[in-house]
C-alpha cells in the first residue's frame, strides 16, 4: 500500500515544489548558453566582436502562473536571476514591498495615472504610446529622477506595441525625452510553437531594427523576444536576454521540446475523500444526470470544484489518483465537489461487507504523481481543450498553497 502524506489543516490544497523550480532554472540557463549574443553593429570592429552571457528575465506574472509570486520571486532572487517581468503596476509594487531590488519590467502598457507609482517604486514600464511617455517624463522631471523603460515592437503579435516599420522614428522621439532611459527593446512570438517561418521573420525584423538603431548611435542595452517556446525552439545571435515563464514551473510550451530540456513540474494538487457510497445500477450522478451507472459501483466525493479552479469542462473526462489508481470523474463538476469512481479500489461486495481499504480522509491527487501513475497539467488541458497555462493558473491561484523545499 502507498504511504500517504495528508495535511491535517486543509481539505484541498496545492503543493509547490521550490526545488523543482530551482532545477528548472538551471536547465533554462544551460539551454540559454547554447545561444550567443554576437551583434556586429555593437562594435567598431566586427571581426573582434565578443560573445556575451545571456541573462534571464524571469516571468512571474499572474502570481507566478498560479505558483505564488512572492515565494517564487524570493527563490529566484536568491538563485541570481538578473531581472523579473510582471503584468502590471500592482504586481511590481508587491515585489518591491517584499524587498526585490532587481529590475522589474511591466509587460502591459499602462495609463498616465500610474506614473507616480512607476517612478517611486523604480519600475520599468513598457512604453508604446507617446502621450504616456511624455507624462512619465514630466513627472520624472518633477521628482528629479530618471526612469528606465522598455519599448515593445510589434512584429506580428497584434496586441500592442509599435509596428516594427514605425519603431525607429518612435524610438528617436523617445530618445528626446531626457528623463527616460531606454533599457530594453522586445517583441513577442504569437506562433513560435506552430509557424517557424513566421517566427524567424519576426526575429529578422527585430534584428534589422536594432542594427539600424545601433548604426544611428541609439544603442539599447537589452534585446529580448525569447519566451519559453522561443528559448527552446530558436537559436539567435540578436537576443541577450531570455524571458522564460512556463518552463520555470516545469511545463512545456510544446511536446517536442521534451527532447531538448528535462523539466520537473512544480505544482501538484491534492485533496481528500470526504464521502463514500454505493451507487446502484441505473442511478445518476450530479447535475443533469449526465452519468448513469451501468452497474453497481462505489464512488467517492472529493471537495474540489470549479470554484477552486477545477474546470467544469473536465466533467466525465478527467481522472484523479487514489491509492495509485486512476479513478474517473463521473458526472458534472460542481461548484465545490466532484464524484469519482473508486470501484477498482473497493468493490461493491467489499463495501457491503464493511471491508474498507479506502477510508474518509484518504489522499487524492488531482495533479501530480502518486505511485507509478501521474496526472499532468497537460493531460487536464487536453480534456478541457485548453492550454496547460490555464490549468495551473486556475488551480494555483484559487487553492491554499503549501511550499516544499529541502
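Some points to look at:
- The order of 346, 143, 149, going from fewest to most other C-beta atoms within 10 Å of their C-beta, is 143, 346, 149.
- Cα long-axis angle, helix 130-143 against the chain (0 to 90 degrees, to the nearest 10): 80 degrees
- Degrees, to the nearest 10: 18-32 long Cα axis against longest axis of the chain: 40 degrees
- Reported label for calculated Rg and Dmax of the Cα atoms in Å given (i) 25.2, 86; (ii) 23.1, 73; (iii) 21.1, 63: (i)
- Restricting attention to the chain, close to 50% of DSSP beta bridges with both partner residues there are antiparallel.
- Computed helical MRE - 222 nm, the chain, DSSP H runs ≥ 4 contributing -39500 (n - 2.57), nearest 500: -9000 deg cm²/dmol
- The stretch 267-404, relative contact order in percent, only Cα pairs under 8 angstrom and at least six apart counted: 28 percent
- Packing order of peptides 242-249, 379-386, highest average first: 242-249, 379-386 (average count of other Cβ atoms within 10 Å over each peptide's residues).
- Relative contact order of the chain, defined on C-alpha pairs under 8 angstrom at six or more residues apart (%): 20 percent
- Between helix 69-78 and the chain: long-axis angle, C-alpha atoms, 0 to 90°, nearest 10: 60 degrees
- With neighbours defined as other Cβ atoms within 10 Å of a residue's Cβ, the residues 254, 150 order from fewest to most as 254, 150.
A short reminder: the numbers here are calculations on the coordinates, not readings from a lab. This one's a predicted model, so the numbers in the text were calculated from it and none came from an experiment. All Cβ positions, glycine included, derive from the backbone under ideal geometry; neighbour counts span all protein chains shown.
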